[in-house]
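What follows is a short report on a single structure.
The values are calculated or read from the model by the stated rules, or taken from the named source; none is laboratory data. All figures in this text were calculated on a predicted structure; none of them were measured in a lab. Positions of Cβ are backbone-derived with ideal geometry, glycine not excepted, and every protein chain shown enters the neighbour counts. Heavy atoms of the whole protein, side chains included, go into the accessibility calculation; ligands, DNA and RNA do not. Shrake-Rupley method; radii C 1.70, N 1.55, O 1.52, S 1.80 Å.
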Amino acid sequence: MNLMTGYGRFAAAVNSLLLAILWLGMCLVGANAQTAPIKLAILGDSLAAGYGVSPAQAMPARLEAALKKAGRNVAIINHGVSGDTTAGGLERIDWMMADKPDIVIVELGGNDVLRGTDPATTERNLDGIITKLKAAGVTVWLAGMLAPRNYGSEYAQQFDGIYKRLADKHGVSLYPFFLDGVAADPALNQPDGIHPNPKGVDVIVERILPFVTKNLDDFAASAHAPPVRRPVRP
């Protein structure tokens, strides 16, 4: 057998094998990319932490279950801390980011109200949280809170406007009131009148689910969008 011919056939066979291995590796990488869940963290207070209910009944766990039932591949990371304020949330962003979330829902401000914090301070802290998360390349969604009406109309007006102003400023999606449909309903809250019971958690999830799914669709669309090509100036 001609040595050069034999070597050529051997080299061709090796090249074919290498190409097959490369193709298989690319398929595996693609499959892993498709099956890897979107990481959605909730930076919040006791409403996210699940005060007074079991971990399986907490809002993040119930939301993840609802999303999976809807066929969404999303892993929700609960970064709720009971008693936390916007100042506390700002301080622990680096700790939360160790989980490398793709999206963060910011659910903070309720404890600021309970402590009578100046709305300007709350707004400044939330502004810092959103700014820091966006600088890290994270998609931010904002969950709003409303001040109790017995705090007076002036305080309520100042506080209630925080979330819309920040959503407009930073171009982030806003869910106007986290406790929509639950606040002040004794049947949906624990005896303290503040924290939702399991039925209340289910109402929160039911109300916020369309907001989450729509924004997940927007997130997926933006993730696969082609890069914007800017015209080259002469």
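Details
- Backbone N within region 59-100 under 11 Å of label point (7 Å from ASP192 Cα along the Cβ vector): 82-84
- Charge-dipole axis of region 24-140 as Lys and Arg at +1 and Asp and Glu at -1 on Cβ define it, positive-most pick from GLY52, ILE103, LEU126: ILE103
- Note on ALA221 and LYS68: their simple-model spin labels are 2.8 nm apart, each label 7 Å out from Cα toward Cβ.
- Apportionment of accessible area to carbon and sulfur, region 106-205, percent (1.4 Å): 55
- Protection proxy ranking of 179-188, 48-57 - average other beta-carbon atoms within 10 Å, highest first: 48-57, 179-188
- With a Cα cut-off of under 27 Å and a minimum spacing of 8 residues unless on different chains, the lysine pairs in region 83-234 number 14.
- Residues ALA136 and ARG115, FRET efficiency given R0 of 25 Å [Cβ-Cβ distance, rounded to 0.05]: 0.35
- Annotation: aspartates and glutamates with alpha-carbon distance below 15 angstrom to LYS69 (same-chain offsets under eight excluded): ASP202, GLU206.
- In the assembled protein chains, TYR151 presents an accessible area of approximately 80 Å² (probe radius 1.4 Å).
- In region 110-234, a dipole from Cβ-located charges (positive for Lys and Arg, negative for Asp and Glu) runs towards its positive end, and of PRO198, ALA156, HIS170 it is HIS170 whose Cα lies farthest in that direction.
- For the residues MET97, MET59, a 1.4 Å probe over the protein chains yields an accessible-area ranking, largest first, of MET97, MET59.
- Restricting the calculation to Cα atoms, region 126-230 yields a radius of gyration followed by a Dmax of 16.7, 58 Å.
- Per residue, the accessible area of region 63-192 comes to 47 Å², computed with a 1.4 Å probe over protein heavy atoms only.
- Estimated inter-spin distance, SER54 and LYS39, nm [label 7 Å along Cα→Cβ]: 2.8
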